[in-house]
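Here's the structure we're looking at; comments come further down.
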Amino acid sequence: MKPAALEPSDKALVPFVSVEHMMQLIHRIGVEEMMAGIALYIEQDFRRWELFDKTPRVASHSAEGVIELMPTSDGEVYGFKYVNGHPKNTSEGLQTVTAFGLLADVGTGYPVLLSEMTMLTALRTAATSAMVAKHLAPAGADTMAMIGNGAQSEFQSLAMKAICGIGNVRLYDTDAEATAKCAVNLAGHGLGVVTCSSPEDAIEGAQILTTCTADKQYATILTDNMVGSGVHINAIGGDCPGKTELAPGILRRSDIFVEYPPQTRIEGEIQQLDPDHEVTEFWQVLTGDAPGRTSDRQITLFDSVGFAIEDFSALRYVRDRLEDTGLYYALDLLADPDDPRDLFGMLMRAKP
Ligand SMILES: NC(=O)c1ccc[n+]([C@@H]2O[C@H](COP(=O)([O-])OP(=O)(O)OC[C@H]3O[C@@H](n4cnc5c(N)ncnc54)[C@H](O)[C@@H]3O)[C@@H](O)[C@H]2O)c1
């Protein structure tokens, strides 16, 4: 039995969703259903885009990768995510991307949820991709090329199925083992899966082209001559200064949709273009303030880098679905002295 002075009060406790609990929550809801649910929350928040606090994420770069903080607030709730990106990590048995995040009450500043976000980032990234593709992809799009078959790839494929109704994916990765893993994981999920031996083969007959590779350099996953008219490109992997996936010629032939231009101009594919190159903020397509796809022959490009509001929406979704599940720990996170000014007294009463 702990001494009374060490027992946390209710005010000290913050719900914490561990990786194990997140996985249980995803299974309880269903992975596709949860991505569809998160997509609805993201769409709701994009429709009220203007009232959010927005800033490009705060990035700390090193030779090996990047560590970033992604804050935002809608005036009532504040949220942030901590996330890293280290392409060399997988060779050491570590993930390229890990994350955790928090929601807080703006009125008191008290945290109301702390959560793992490595799993949740994969769900929110895929939900965002599919939500955008639902509005921009050519009508009747049925086949997606999935280039880069790492951690995000199954989520990307299943979100496109659940939200956009695609029936087929064509997989390619420079590492054939990654492609084989992705194909095995997707078996039995209701998608036709074809493994391909080149990117050219993967994009054959696809109306949605997803690039989701990890390399800390200007890479050219798609060259200009590979991309014909009437496709939607979902470019996920170019999300850091000096890290892109598409030949600049493709960008010049595309109508480009972005999350938050001040961040995307630093991190996205458009870092390869003039700083004033015309782009559309995707939220304006949702509110009717900007056109989306206007012709069958157009190339639409979602230059995704991942923006704080998407994480905020995903955390909001988790918070709303958590009650009565028991799928969290009550974490003793906030010191709660009997007299709010007597923090030192609280410490002394806990002396062993
Ligand atoms: N836009 C966003 O919101 C967002 C969110 C999460 C991750 N990302 C980015 O997406 C990328 C993928 O993330 P992940 O977690 O799946 O990484 P991962 O390391 O698990 O997988 C990346 C895969 O890309 C493959 N690859 C590398 N170069 C390639 C090439 N030239 N052609 C084909 N395949 C190639 C690798 O073999 C690997 O299988 C990363 O760059 C990450 O930073 C973006």
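Structure above, values below:
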{"item": "Positions within the stretch 99-119 being of a type in the set (A, V, I, L, M), over 24 Å from D215 (Cβ atoms) and not in a strand (DSSP E or B), in sequence order", "result": "V106"}
{"item": "Any chance T213 is within 13 Å of the ligand (Cβ to nearest atom) and either surrounded by 17 or more Cβ atoms within 10 Å (Cβ to Cβ) or charged (D, E, K, R) (or both)", "result": "yes"}
{"item": "The stretch 120-151 - residue that is among the aliphatic types (A, V, I, L, M), within 16 Å of the ligand (Cβ to nearest atom) and not in a helix (DSSP H, G or I) and, of those, surrounded by the fewest Cβ atoms within 10 Å (Cβ to Cβ)", "result": "A151"}
{"item": "Breaking point among (1) over 27 Å from Y110 (Cβ atoms); (2) exposed (fewer than 15 other Cβ atoms within 10 Å of the Cβ), for M35", "result": "(2)"}
{"item": "Number of positions in the stretch 135-169 that are touching an Asp or Glu at 6+ places or on another chain (Cβ under 7 Å) and under 15 Å from T213 (Cα atoms)", "result": "2"}
{"item": "Condition broken by G188, with the remaining ones in (1) over 19 Å from L94 (Cβ atoms); (2) in contact (Cβ under 8 Å) with a residue 12 or more places away in the chain satisfied", "result": "(2)"}
{"item": "Some residue of the stretch 293-301 being in a loop (DSSP other than H, G, I, E, B), touching a residue at least 60 places away in the same chain (Cβ under 8 Å) and not charged (D, E, K, R)", "result": "yes"}
{"item": "Those residues of the stretch 82-108 which are of a type outside the set (S, T, N, Q), within 15 Å of the ligand (Cβ to nearest atom) and surrounded by fewer than 17 Cβ atoms within 10 Å (Cβ to Cβ), in sequence order", "result": "Y82, K88, E92, G93, L94"}
{"item": "Residues of the stretch 56-81 classified as surrounded by fewer than 19 Cβ atoms within 10 Å (Cβ to Cβ) and without any contact (Cβ under 8 Å) to a residue 24 or more places away in the chain, total", "result": "6"}
{"item": "Unique match (being surrounded by 23 or more Cβ atoms within 10 Å (Cβ to Cβ) and more than 15 Å from the ligand (Cβ to nearest atom)) among S115, S157", "result": "S115"}
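Residue-by-condition table, conditions (1) touching a Pro at 6+ places or on another chain (Cβ under 7 Å); (2) more than 23 Å from E204 (Cβ to Cβ); (3) of a type in the set (D, E):
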residue	(1), (2), (3)
N225	no, no, no
G249	no, no, no
F257	no, yes, no
P262	yes, yes, no
D276	no, yes, yes
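So that you can scan it fast, the table gives a plain yes or no per residue for (1) out of contact with any Lys or Arg (no Cβ under 6 Å at 6 or more places or on another chain); (2) crowded, with 18+ Cβ neighbours inside 10 Å:
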{"site": "D289", "(1), (2)": "yes, no"}
{"site": "R297", "(1), (2)": "yes, no"}
{"site": "T300", "(1), (2)": "no, yes"}
{"site": "V318", "(1), (2)": "yes, yes"}
{"site": "R321", "(1), (2)": "yes, no"}
{"site": "Y328", "(1), (2)": "yes, yes"}
{"site": "L333", "(1), (2)": "yes, no"}
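Each value in this text was obtained by applying a stated rule to the coordinates, not by laboratory testing. These figures come from a predicted structure and were not determined experimentally. No Cβ is skipped: glycine too gets one built from the backbone with ideal geometry, and neighbour counts run over all protein chains shown.
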